[in-house]
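The values are calculated or read from the model by the stated rules, or taken from the named source; none is laboratory data. Computed from a predicted structure; not experimentally measured. Cβ placement follows ideal geometry from the backbone for every residue including glycine, while neighbour counts extend to all protein chains displayed. What goes into the accessible areas is simple: the full protein's heavy atoms, side chains included, and nothing from ligands, DNA or RNA. Shrake-Rupley method; radii C 1.70, N 1.55, O 1.52, S 1.80 Å.
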Amino acid sequence: MGKLFKILGGLVLVVLLLVVAAVIILPMVVDPNDYKDEIVSQVKAQTGRDLKIAGDLKLSVFPWLGVEIGGLELSNAKGFGDKPFAVVKSAAVRVKLMPLLSRQLEVDTVGLDGLALNLAKAKSGATNWDDLVKGGAPDEGDQPQAGEGEGLKGFVIGGVDISDARISWDDQQAGQQFKVEQFFLKSGAIRPGSPVALELGAQLQSKEPELSAQVKLDASVALDQSAGMLNITGLNLQLDATSPLLKKGTASASLAADVVLALDGQSLSVNNLKLNADALQLSGNLKGSNLAAKPAFSGKLTLAELNLREWLVGQGIALPEMADPQVLTRFSADMQLAAQDNATQIKPLAILLDDTRINGGASLKGSAIGFDLDVDSINLDRYLPPVKEEAEAPAKENGGATSQASGSGDEPLLPIEQLRSLNLNGTLKIGQMIIKKLTAKQIVVTVKARQGKINLEQKIGAFYQGSLNGLVDLNVAGKTPLLRIDKQAKDIQAGPMLKDLIAKDKFDGKGNFQAKLQTSGNSINAFKRGLNGDLNFRFENGSVKGVNLAQMLREGKAKLKGETVPESSAPAQTDFSELSGSAVIKQGVLNNQDLLAKSPFLRVTGAGTVNLVNETLDYLVKPVIVSTAAGQGGEGLDELKGIPVPVKLTGPYASPKYAIDWAQVVTGTQKAKLEEKKAEVKQQLDEKKEEAKQKLENKLKDKLKGFFN
């Protein structure tokens with residue numbers, strides 16, 4: 001037995017001596033640099049490219065079997081210039097020798113320093129790496145057969161250390177260029193079933209758009225081979241960008257999440273998502289499925305409340321002037337989204353905008369946008385430009401329109417190209433809305449837009465104690481935009497509406513209104529010139545404020561006779577029990593021939609034209625006094641009872657001039673007096689005839705009595 005142990009011990013000693021001799025002698029007798037030419041020729045044969053090995057190849061055997069390479073350079077593809085495709089300053093990889101005897105692979109840290117990779121795409125679409133990835137599949141006979149070899153029982157990699165790498169991208173087809181510099185990648189030990197710490201960073205440079213950004217990422221990565229999943233926990237991505245396109249010149253964003261990715265690329269799960277960009281904070285969860293064929297994503301996202309105004313300005317987005325500088329200071333959103341192929345649906349959707357809450361859903365399929373939204377209450381006047389007080393411009397000498405403070409009126413009004421590209425189909429419900437100081441409630445608006453044809457239908461259930469329905473059709477598909485408007489108002493209280501609209505008490509009454517109009521063009525003036533259509537209205541139990549027609553007639557009569565103008569404490573208004581009329585509009589000129597107003601003492605008719613293009617009118621109003629004992633202001637106008645009083649209105653309709661045709665009034669008065677005299681004479685004659693007749697009858701009666709007696 002002792003002899004056996006001696007023999008075994010001797011064999012072990014011999015093996016150790018052989019190993020030591022190999023470690024000492026092998027590097028001395030085997031120089032890896034002798035194989036440089038063969039390596040270069042093999043690369044040339046396999047890729048057609050030139051490989052340069054400027055540095056020495058260093059070989060180590062024990063306890064690590066490894067090689068270090070320095071100064072590698074691989075030439076570029078044909079047609080992409082003389083700049084090398086890839087340059088490596090140094091690379092090293094070492095494998096522990098002894099574990100290999102038991103089929104265990106233990107790799108030291110894999111190092112790569114000074115990588116420079118130049119990627120490019122030609123105008124034809126070809127890239128400078130196409131020739132490297134286009135290789136034939138191995139012959140079937142070359143494939144390893146089942147059962148061949150026992151493989152590795154396990155492996156361990158000490159880590160990966162890539163430092164000072166640079167990648168450039170030159171896309172001649174798209175005209176884009178960017179660079180990745182100072183790229184580094186470091187990892188902890190890589191062992192099966194154990195998480196790996198990962199750290200990555202880079203400096204990005206782009207010319208179009210001009211941008212410089214610093215990127216840093218760290219995470220813990222674990223591979224679950226049995227489940228076929230890659231788990232990334234504690235992912236943190238930090239981005240710091242500099243660009244002249246940014247309002248502040250710089251911007252920062254961070255992303256945190258836990259990611260689970262299927263190794264077959266079929267599913268993805270992003271949990272505990274948190275995205276911060278200045279004041280913007282987005283959180284939620286996302287899931288993806290069928291990623292290899294038809295990717296589908298779903299999830300829930302929450303945007304924390306932020307000052308949207310400040311955030312937009314910080315992103316370099318200029319905001320128009322708004323009446324209320326406090327709007328857009330509160331904004332938040334919650335949404336559930338689902339996306340597949342080119343279709344995305346967001347439902348439910350909840351938005352807070354200042355004091356307004358919006359609920360509903362929206363969808364996007366290709367370029368088509370759909371929505372179904374419910375707004376509780378909104379004051380749009382707060383978001384519109386402030387109303388600026390403008391001095392009244394004097395009328396033109398020719399009696400034409402006043403000058404327009406905002407421009408000539410020929411400026412383009414509609415964004416034609418944007419309207420042509422709209423593809424909308426949606427419904428908007430609003431509980432209460434204020435716009436142009438008008439208040440509307442129970443609003444339902446439906447919008448359809450496609451191929452330049454836009455249809456907007458509105459129904460307002462509560463509008464100044466009445467209702468308002470309307471239809472707007474806009475067609476911008478052709479050369480000249482066409483506009484059609486159809487409006488119907490029912491039981492509207494005009495007084496409160498006008499007070500809100502123009503802040504003046506000009507008119508009152510409950511009425512109905514209907515208009516069917518069409519026009520063409522793309523400016524205010526063009527709309528006026530091309531306006532055609534018809535309208536009608538009827539108001540009851542109201543008044544025209546600012547004009548007391550009865551007092552106007554009394555003053556005119558007094559001036560005509562040279563008498564003192566009578567004073568009056570009556571309000572400056574003309575009451576009516578009924579006001580109605582209709583009009584036809586042709587080429588911007590409104591023609592009305594049936595104006596009728598009734599009051600307790602007046603009947604008013606009117607006819608004439610209103611030129612919307614020149615903003616002038618030529619109109620004749622004929623009030624007739626029907627009662628002087630009762631009604632508003634009828635006293636003192638006995639002489640004018642039953643006589644039309646023509647009132648001519650001319651000039652700019654914003655401030656018209658009026659004149660009473662007293663000649664016709666006097667003529668009418670004289671005719672009335674003559675008729676009255678004729679009636680008086682006739683009555684006297686009739687009375688005398690009746691008296692004579694009565695006397696004759698009495699005489700006949702007396703004679704007949706005497707005859708019979």
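See the values below:
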item	result
Using a Förster distance of 60 Å, the FRET efficiency for Val584-Thr242 (Cβ separation, nearest 0.05)	0.40
Solvent-accessible surface ranking, highest first, for Lys123, Lys528 at 1.4 angstrom	Lys123, Lys528
Debye intensity ratio in log₁₀ form over the Cα atoms of the stretch 329-377, taken at each q of 0.13, 0.22, 0.29, 0.31 Å⁻¹	-0.33, -0.76, -1.02, -1.09
Translational diffusion coefficient (Stokes-Einstein; Kirkwood radius from C-alpha pairs) of the stretch 428-467 at 4 °C, 1.567 mPa s, in µm²/s	117
Accessible surface, the stretch 470-517, averaged per residue in Å² (probe 1.4 Å)	54
Estimated translational D of the stretch 155-214 in µm²/s (Stokes, Kirkwood radius over Cα pairs; 4 °C; 1.567 mPa s)	97
Pairwise label distance in nanometres, Asp131 with Lys657, each label 7 Å out on the Cα-Cβ vector	9.1
Accessible surface of the stretch 316-361, 1.4 Å probe, proportion on carbon and sulfur as whole %	54
Linear extension gain, Thr302 paired with Asn425, 0.36 nm per residue minus alpha-carbon span	41.7 nm
Accessible surface of Lys83 - all protein chains present, 1.4 Å probe, nearest 10 Å²	120
Residues with amide H under 5 Å from that of Ser168, placed H, sequence gap 5 or more	Leu117, Asn118, Leu119, Val180
For the stretch 303-357, accessible area per residue (1.4 Å probe, heavy atoms of protein chains only), Å²	57
Lys487 versus Gln336: modelled label distance in nm, points set 7 Å from Cα along the beta carbon direction	4.1
Radius of gyration and maximum dimension Dmax of the stretch 206-259, Cα, Å	16.0, 50
Cβ-derived FRET efficiency at R0 25 Å, Glu199 paired with Asp82, nearest 0.05	0.10
FRET efficiency for Gln514 and Ile416, using Cβ-Cβ distance with R0 set to 30 Å, rounded to 0.05	0.50
Under Karplus coefficients 6.51, -1.76 and 1.60, residue-wise ³J(HN,Hα) of the stretch 502-508 in Hz, glycine/proline x	10, 6, 9, 9, 9, 7, 9
Extension gain, Asn536 back to Lys504 (0.36 nm per residue minus Cα-Cα distance, nm)	9.2 nm
Length gained when the stretch Leu57-Gln42 is fully extended (0.36 nm per residue, less Cα-Cα span)	3.7 nm
Charge context of Lys506, other residues only, Cβ under 9 angstrom, K/R +1, D/E -1	+1
Cα pair distances exceeding 15 angstrom across the stretch 455-529, given as percent	64
Burial order of peptide ranges 312-323, 417-428 (average beta-carbon count within 10 Å, highest first)	417-428, 312-323
Nitroxide proxy distance, nm - points 7 Å out along Cα→Cβ at Lys448 and Asn272	5.0
P(r) histogram, all alpha-carbon pairs of the stretch 153-300 included - 5 Å bins from 0, percent	2, 8, 13, 15, 17, 18, 17, 7, 3, 1, 0, 0
Computed log₁₀ I(q)/I(0) - Debye formula, equal Cα scatterers, no solvent, the stretch 410-543, q 0.10, 0.15, 0.19 Å⁻¹	-0.40, -0.87, -1.21
Under the Karplus curve 6.51 cos²θ - 1.76 cosθ + 1.60, θ = phi - 60°, whole-Hz ³J(HN,Hα) for the stretch 342-357, x wherever Gly or Pro sits	9, 10, 10, 10, 10, 6, x, 10, 10, 10, 10, 10, 6, 9, 10, 10
